C-alpha cells in the first residue's frame, strides 16, 4: 500500500473575510518531494502556506496532512508538531537570545514544554544542527549580532531540530545576496538529499526555483498551475542569474566577496 500524500488540498477556498484569496486550489505533494512555488505579490502564496500550517481555516474544501484531515483545532495542532517552518528573513527582535537558545526552541512542544526542561535529546538535536549548518563558532553569539544569511541558517537549524516530517519555507532567501542565497539553498538541498523530508518553499527568485525544486508550481490570482521543466534548471545557470541580479542591484558592479561568516545585520556577506 502506497503512503498517503504528505499534503493534499482539494478545492480549497480561503481568505480573510473579503473576496477569497485562494480560489479552488488543488495540491498533492508526495512524501519526499521538493516543491517550489513562485508567483507575484498578492497571488496567495503565503495564504496557501497558512492553510497548510493550519493557521487559516478554509471556507471550502479539504486539507489533509499525512493522510489525516485537518478538521478541528486539535488535529491542526497535532499536524503542526510534524512541521518545521522557516519564515522570511526578518530583523532580529529587541530581546537578547543566543544562537544556542534560538535553535533549542525548535524542540519546544516536541521534546519539552511548560515546566519540563530540555533534556539530553533536545540538547543533542540543537547541537547537531548548529554544527551541521556551520553555526558552531556563533553558538553563544547574540542572534542580533549575526548577518542576514547567518540568521536564516539559525532559522533553518531551529526548524530541523524539531525533526519535522514536512519542511515549509516562506521566501527564505529574500533580502539575501547571491552568495548567501546559494549557501542557504545548498544547505537545504543537502538536508533534503540526506533525509528525504518533504519540502515546500515559496520564492520570487527564478534561479532558486529552477536550481533546487524538483517540482515547480506557479500561483496566479489564487490558483496553482504547474511550471514546465525547461532547460533552465541547472544550478550553474541559477547561480548566473542570481549574480546578474546582484550586479543589477549594485548598479552594474559585481557584488563584493567577503570571508565566510562576515557581514552584519542587513544584507548578508557573500561567504555565508
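What the table below lists for this structure:
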item: When the range 117-160 is reduced to its Cα atoms, the Kirkwood hydrodynamic radius in Å; result: 10.7
item: With eigenvalues of the C-alpha gyration tensor scaled by 5 and rooted, the range 1-82, Å; result: 20, 16, 11
item: The range 141-197 and the range 97-116: distance between their alpha carbon centers, rounded to Å; result: 18
item: Label-point separation, residue 10 to residue 117 (7 Å along Cα→Cβ), nm; result: 4.9
item: Relative exposure of 117, 76, 214, 151, judged by other C-beta atoms within 10 Å (fewest first); result: 117, 214, 76, 151
item: All-pairs Cα distance distribution in the range 31-146, expressed in whole percent, bin size 5 Å; result: 2, 9, 15, 16, 18, 17, 14, 7, 2, 0
item: Ordering of 128-138, 163-173 by packing [mean C-beta count within 10 Å, highest first]; result: 163-173, 128-138
item: Rounded FRET efficiency, nearest 0.05, which uses the C-beta distance separating residue 2 from residue 225 and R0 of 22 Å; result: 0.30
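Quick note: the coordinates plus some simple rules give every number you see, no bench work behind them. Given the structure is predicted, the values throughout are model-derived calculations rather than measurements. Don't worry about glycine lacking a Cβ; one is built from the backbone with ideal geometry, like all the others, and counts go over all protein chains shown.
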